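These notes concern the structure reproduced below.
The values are calculated or read from the model by the stated rules, or taken from the named source; none is laboratory data. Given the structure is predicted, the values throughout are model-derived calculations rather than measurements. Every residue, glycine among them, receives a Cβ derived from its backbone with ideal geometry; neighbour counts consider all protein chains shown.
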Amino acid sequence: MSPSELIPAEKALKIVLDGAKAIGEEKLALNKAANRILSQDLVSLRTQPPFDASAMDGYAVKQSDVTSLPVCLRIIGESKAGTPFDHPVAQGEAVRIFTGAVVPQGADTIIIQENTNPGDGSVEVLTGTPQGKFIRNAGLDFQMGETLLKAGDVLTPYRLALAASMNHAELPVYKKAKVAMISTGDELVMPGEATLPGQIIASNTFGIAASIQNCGAEVLDIGIAGDTKTALHAKLQDALDQGANIIVTTGGASVGDHDLVLPVAQEMGFEFEIAKIAMRPGKPFLFGKVTHDGRTVYLTGLAGNPVSSLVAFNVFTKPLINLLSGKDETAINLLPAVLGCSLPQNDERAEYMRATLETSRDGKRIAKPFTKQDSSMLANLVRADCLVYRAVKAPAAKKGDACEIVLMS
């Protein structure tokens, strides 16, 4: 790999994802599995409901008894949720029943209580009900042995509730990727600390950490490495020793005298396939990997400018985290829109332009890129509703021309 080679963004993503796969599986209790990814199809261990159940409070009767109304029926017992009535219903009889209770044998109709006039040991039925109405038949929801959840499904609250109803106490899920984060640079200080001349606040630390968490991965915050080979080597080794699957560095990813990520990582055995990409923002981007303790460890080196690092993270690092975590989300979702201003011809780098977004009266998205797109301008990223994507050497475009956008979440 030549450090001077500009790799197209699409090719770079293929290189990053080539050969990557889920890092492993584990079983978790239901109360620990929220938002995790199922690693196997899930088959129901029971039928739901397991019996014919009443959907209303009322009386369980025979349909043949309520064809001519009004009629008085003898109450022979009660069926409530968890305590069924265990005798059959004969002609002229009724069983008081409550929502969720077992429909007793012999009954085929539920008369809701509002349509009755209860007496002493009897009930007068005033209005009838079609046979079977208000009865949830056994298996109405699902059957034992039915596959209801698939490998790759995110365990949302609804799916967790379903898994519980299927009688699974534990669920097979993909392991979380461990992502180590290292910021680099003598100029960095933490928020709240006093800054000396030439120093800046380490904002990437928090933006990237939150981005990692949003991917469902575990964050290993390794801290800030000063601009020496010894300091950076120690941080990288710490990340390896803590079991990182991916190491994300910010800063030091270019080719200057103080850009140390590439040479130090190479000395530690990392083999690099990408040094920079044809993309704006985010041209400085490193990608390499090494085998450590029997596992493949990936390194994505992001630029120090906050906008560059966050955009490159979403384009390249996020899809890699998704694959290692069992998710099949490996591409940015480009949506159609129209430009709210004219743009000049693009150059040899694909571009993601911060932009505002409005909706026209006819429902079209109108994206208007900011005039200033400097990669150090983090406030503009927050003000943006979307990113306008422009391909390599895209021709000049006029206001109203079609474009593609990425929505900001």
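Exactly one residue out of Leu343, Leu357, Leu339, Leu381 is outside the structural domain of Gly216 (by TED's automatic domain parsing), touching a residue at least 24 places away in the same chain (Cβ under 8 Å) and either closer than 20 Å to Phe313 by Cβ or among the charged types (D, E, K, R) (or both), and it is Leu381.
In the set (1) within 30 Å of Ala253 (Cα to Cα); (2) surrounded by 16 or more Cβ atoms within 10 Å (Cβ to Cβ); (3) not hydrophobic (A, V, I, L, M, F, W, C), Asp186 fails one condition alone, (2). Sub-6 Å Cβ pairs linking a first residue in the range 361-378 that is closer than 19 Å to Ala202 by Cβ to a second residue that is surrounded by 10 or more Cβ atoms within 10 Å (Cβ to Cβ), at least 6 apart or interchain, are Ser375/Pro281; Ser375/Asn305; Ser375/Val307; Ser375/Ser308; Ser376/Asn305; Leu378/Pro306, ordered by first then second residue. When we screen Val307, Val290, Val255, Val248 for residues that are on the phi < 0 side of the Ramachandran plot and in a loop (DSSP other than H, G, I, E, B), the only hit is Val255. Given the criteria among the acidic types (Asp, Glu) and crowded, with 16+ Cβ neighbours inside 10 Å, does Asp65 qualify? The answer is yes for Asp65. The strands (runs of 3 or more DSSP E) found entirely in the range 352-409 that carry 2 or more residues being within 13 Å of Val311 (Cα to Cα) and not basic (Lys, Arg) are 386-390, 402-407. Checked against (1) more than 16 Å from Ile37 (Cβ to Cβ); (2) modelled with pLDDT of 95 or more; (3) touching a strand residue (DSSP E or B) at 6+ places or on another chain (Cβ under 6 Å); (4) of a type in the set (A, V, I, L, M, F, W, C), Val179 passes all but a single condition, namely (1). Taking the condition of being of a type in the set (Gly, Ala, Ser) and not in a loop (DSSP other than H, G, I, E, B), how many residues in the range 232-245 meet it? Counting residues in the range 232-245 that are of a type in the set (Gly, Ala, Ser) and not in a loop (DSSP other than H, G, I, E, B) gives 2. Here the range 333-351 is the region considered, the condition is being assigned to a loop (DSSP other than H, G, I, E, B) and acidic (Asp, Glu), and the residue that is surrounded by the most Cβ atoms within 10 Å (Cβ to Cβ) is Asp347. Of all the criteria given as (1) over 28 Å from the mean Cα position of the chain (by Cα); (2) not in a helix (DSSP H, G or I), the one not satisfied by Gln266 is (2). Taken together, Asp108, Asp153 contain a single residue that is touching a Lys or Arg at 6+ places or on another chain (Cβ under 9 Å) and outside the structural domain of Leu42 (by TED's automatic domain parsing), which is Asp108.
The test for being assigned to a strand (DSSP E or B), buried (at least 23 other Cβ atoms within 10 Å of the Cβ) and in contact with a Ser or Thr (Cβ under 6 Å, 6 or more places away or on another chain) does not hold for Gly282. Looking at Ala225, Ala210, Ala164, just one residue is of a type in the set (A, V, I, L, M), closer than 23 Å to Leu378 by Cα and loosely packed, with under 15 Cβ neighbours inside 10 Å, and that residue is Ala210. For the range 177-202, a residue qualifies if it is more than 18 Å from Thr300 (Cβ to Cβ) and in contact (Cβ under 8 Å) with a residue 40 or more places away in the chain, and the qualifying residues are Asp186, Leu188.
One line per residue, one yes/no per condition, for (1) polar (S, T, N, Q); (2) over 19 Å from Pro49 (Cα atoms):
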| position | (1), (2) |
| --- | --- |
| Ala60 | no, no |
| Gln63 | yes, yes |
| Thr67 | yes, yes |
| Pro70 | no, yes |
| Lys80 | no, no |
| Asp86 | no, no |
| Gly100 | no, no |
| Gly128 | no, yes |
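Only one entry in Leu240, Leu260, Leu160, Leu188 is farther than 20 Å from Asn314 by Cβ, modelled with pLDDT of 95 or more and in the same structural domain as Gly301 (by TED's automatic domain parsing), namely Leu240. Screening the candidates Thr330, Thr291, Thr300, Thr317 for the property of being at pLDDT 95 or above, surrounded by fewer than 18 Cβ atoms within 10 Å (Cβ to Cβ) and either farther than 18 Å from Leu13 by Cβ or not hydrophobic (A, V, I, L, M, F, W, C) (or both) yields one hit, Thr291. Selection of the range 57-100 for residues being hydrophobic (A, V, I, L, M, F, W, C), touching a Phe, Trp or Tyr at 6+ places or on another chain (Cβ under 8 Å), in contact (Cβ under 8 Å) with a residue 24 or more places away in the chain and over 15 Å from Thr127 (Cα atoms) yields Ile75, Val95, Ile97.
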